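Step one of this worksheet: look at the structure below.
The values are calculated or read from the model by the stated rules, or taken from the named source; none is laboratory data. Values in this document were obtained by computation on a predicted structure and should not be read as measured data. When we count neighbours, we look across all protein chains shown, and the Cβ atoms used for this are built from the backbone with ideal geometry, even at glycine.
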Amino acid sequence: MSQYLRFRTGDFRFLLSLEAIVEIGAVVAGDDTGGRRLWREQALPVLDLAAWLGAPLARRAQQLVLSEADALHLVDIDEVEGLMELEEGQFVRITEVSPALAALVDAVAAEAGVCLLRLRQPLAWQPGLAGGTPAENPT
């Protein structure tokens, strides 16, 4: 059984393994510069999941600081919904989806009729295009 953070961004619900999360905090206005944001005096690449999946760009309320593949990056989200414990057998692998979704999600689970997308680890997005839309990203 693994523990996941359940969160919402845009119209999407996600699950992310707790192992990758360094910190959860509020987005601080004014710290953004060209797809990067200051966190503890480091300019980290920022990914807005909802925008990546086609929703309009918007200021998100919270950010996750993730440590993956020896690098830190930020993921903007709207709201943390809590923690969940799930077994691997509760997930269904997804295979035939858009390249934008495949870069981020490897499986789906359901709880009370809500589709929960499990984020791939590490995320297969390009930090240079952190704020980009799927059309701008060649993945």
Would you say residue 59 is among the basic types (Lys, Arg), crowded, with 17+ Cβ neighbours inside 10 Å and in contact (Cβ under 8 Å) with a residue 24 or more places away in the chain? no
Select the strands (runs of 3 or more DSSP E) contained entirely in the range 1-45, then report the ones holding at least 2 residues which are under 20 Å from residue 55 (Cβ atoms) and at pLDDT 90 or above. 2-9, 12-17
Could you please let me know if residue 93 is of a type in the set (Lys, Arg), out of contact with any Phe, Trp or Tyr (no Cβ under 7 Å at 6 or more places or on another chain) and at pLDDT below 90? no
Out of contact with any Lys or Arg (no Cβ under 7 Å at 6 or more places or on another chain), surrounded by fewer than 18 Cβ atoms within 10 Å (Cβ to Cβ), hydroxyl-bearing (Ser, Thr, Tyr) and modelled with pLDDT of 90 or more: does that describe residue 98? no
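So if I check each of 110, 124, which one is at pLDDT below 95, assigned to a loop (DSSP other than H, G, I, E, B) and of a type in the set (Gly, Ala, Ser)?
124
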Members of the range 68-92 that are without any contact (Cβ under 8 Å) to a residue 60 or more places away in the chain and either touching a Cys at 6+ places or on another chain (Cβ under 6 Å) or closer than 17 Å to residue 12 by Cβ (or both): 75, 91, 92
Residue match in the range 25-38 (condition: under 27 Å from residue 2 (Cα atoms), surrounded by 14 or more Cβ atoms within 10 Å (Cβ to Cβ) and touching a helix residue (DSSP H, G or I) at 6+ places or on another chain (Cβ under 8 Å)): no
Counting only residues that are of a type outside the set (Val, Ile, Thr), over 21 Å from residue 35 (Cα atoms) and surrounded by fewer than 14 Cβ atoms within 10 Å (Cβ to Cβ), how many does the range 71-95 have? 7
Within the range 16-36, identify whether any single residue is farther than 26 Å from residue 85 by Cα, touching a strand residue (DSSP E or B) at 6+ places or on another chain (Cβ under 7 Å) and touching a residue at least 60 places away in the same chain (Cβ under 8 Å), and answer yes or no. yes
